[in-house]
1. Restricting attention to the range 271-293, report how many residues are in contact with a strand residue (DSSP E or B) (Cβ under 8 Å, 6 or more places away or on another chain) and either at pLDDT below 70 or not in a helix (DSSP H, G or I) (or both).
2. Are any of the residues in the range 34-47 within 16 Å of residue 115 (Cα to Cα), touching a residue at least 12 places away in the same chain (Cβ under 8 Å) and not in a loop (DSSP other than H, G, I, E, B)?
3. Given (1) modelled with pLDDT under 90; (2) under 23 Å from the mean Cα position of the chain (by Cα); (3) surrounded by 14 or more Cβ atoms within 10 Å (Cβ to Cβ), identify the lone condition not met by residue 237.
4. Quick check: anything in the range 219-228 assigned by TED's automatic domain parsing to the domain that holds residue 275, free of Cβ contacts under 8 Å to residues at least 40 places away in the same chain, more than 28 Å from residue 295 (Cα to Cα) and not in a helix (DSSP H, G or I)?
5. For the range 83-101, state whether one or more residues are without any contact (Cβ under 8 Å) to a residue 40 or more places away in the chain, within 19 Å of the chain's Cα centre (by Cα) and farther than 19 Å from residue 61 by Cα.
6. What residue, among those in the range 48-59 that are more than 24 Å from the chain's Cα centre (by Cα) and not in a helix (DSSP H, G or I), is farthest from residue 76 (Cα to Cα)?
7. Just checking, which of 57, 64, 91, 50 is surrounded by fewer than 18 Cβ atoms within 10 Å (Cβ to Cβ) and closer than 30 Å to residue 284 by Cβ?
8. Which residue pairs have Cβ atoms under 9 Å apart, sit 6 or more places apart or on different chains, and have a first residue in the range 64-81 that is touching a residue at least 60 places away in the same chain (Cβ under 8 Å) and assigned by TED's automatic domain parsing to the domain that holds residue 51 and a second that is surrounded by fewer than 21 Cβ atoms within 10 Å (Cβ to Cβ) and part of a helix (DSSP H, G or I)?
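The values are calculated or read from the model by the stated rules, or taken from the named source; none is laboratory data. The structure presented is a predicted model; accordingly, all values stated were derived computationally and were not measured. Cβ placement follows ideal geometry from the backbone for every residue including glycine, while neighbour counts extend to all protein chains displayed.
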């Protein structure tokens, strides 16, 4: 395959997310970004004009949603491969999206790990579904499609890591809600015998310590025993955000070292490490939305480690 031989159109109404997808696509030397669109009608027009090889398409688009746009794009640009990237996890929505003849469906919160895999699968003529959709019965979807396109080998994102990893997102209206939510998380994790890593600002760490002490937790002892590991958010971010961009190699190295170290303080043969943090909020507050989008799918996760 010649360099920059695959022409790509990226469609999403959120500009920082388009930047993230574009930067991810640039990691494939054979991909050439030729257009962006922010709504369904614009996507249809550009697909018809550009006749691109690959279209990365959101569902929640203004004016004309992604599924409606995909049906029309299939007529206007029949040779374009469509890869949906959406946070919508509804089984009905996923099925309708794939019945358009799209080559795959990536859940946005999984995009940090799945998007490159999905693009690679699509370029090989396969179809792709995010691992977080593994519980859905999509095995016979190809034969349910209204069109007569040939069936493709379906690739499911690796789910091995998901068996022992869990990632949740919480939203807080103010500092009081933040402290309450993080305190409950920390207390629950420690009570279950987990080590817990907390990435937060110094101000929030001080408020958390005050709240935990008031709840009867011996914070000093938990820290000394490495059961509770408070880390400064800005310091952590500086170790893997380079030139305002998240370096995945540095992130994995830091996360791996922290988890391994924290596991030494957890209890039991299967040592569980839980983590929570406000890295995404810190990046957004600094105006670095692209790094925030890249960091969110990585998240702080719970890990089971056998020592």
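1. Filtering the range 271-293 for residues in contact with a strand residue (DSSP E or B) (Cβ under 8 Å, 6 or more places away or on another chain) gives 271-279, 283, 288, 290-291.
From what is left, the residues that are either at pLDDT below 70 or not in a helix (DSSP H, G or I) (or both) are 271-278, 288.
Selection size over the range 271-293: 9.
2. Going residue by residue through the range 34-47, those that are within 16 Å of residue 115 (Cα to Cα) are none.
Looking for residues that are within 16 Å of residue 115 (Cα to Cα), touching a residue at least 12 places away in the same chain (Cβ under 8 Å) and not in a loop (DSSP other than H, G, I, E, B), one finds none in the range 34-47, hence no.
3. Evaluating residue 237 over (1) modelled with pLDDT under 90; (2) under 23 Å from the mean Cα position of the chain (by Cα); (3) surrounded by 14 or more Cβ atoms within 10 Å (Cβ to Cβ) leaves (1) as the failure.
4. The answer is no, given that none of the residues of the range 219-228 is assigned by TED's automatic domain parsing to the domain that holds residue 275, free of Cβ contacts under 8 Å to residues at least 40 places away in the same chain, more than 28 Å from residue 295 (Cα to Cα) and not in a helix (DSSP H, G or I).
5. So far as the range 83-101 goes, no, none of its residues is without any contact (Cβ under 8 Å) to a residue 40 or more places away in the chain, within 19 Å of the chain's Cα centre (by Cα) and farther than 19 Å from residue 61 by Cα.
6. Looking only at the range 48-59, we keep the residues that are more than 24 Å from the chain's Cα centre (by Cα), and these are 48-53.
Still in the list and also not in a helix (DSSP H, G or I): 51-53.
Values: 51: 8, 52: 11, 53: 13 Å.
Restricting to residues being more than 24 Å from the chain's Cα centre (by Cα) and not in a helix (DSSP H, G or I), the top hit is 53.
7. Numbers: 57 fails: surrounded by fewer than 18 Cβ atoms within 10 Å (Cβ to Cβ); 91 fails: closer than 30 Å to residue 284 by Cβ; 50 fails: closer than 30 Å to residue 284 by Cβ.
Checking each option against the conditions leaves just 64.
8. 80/50; 80/74
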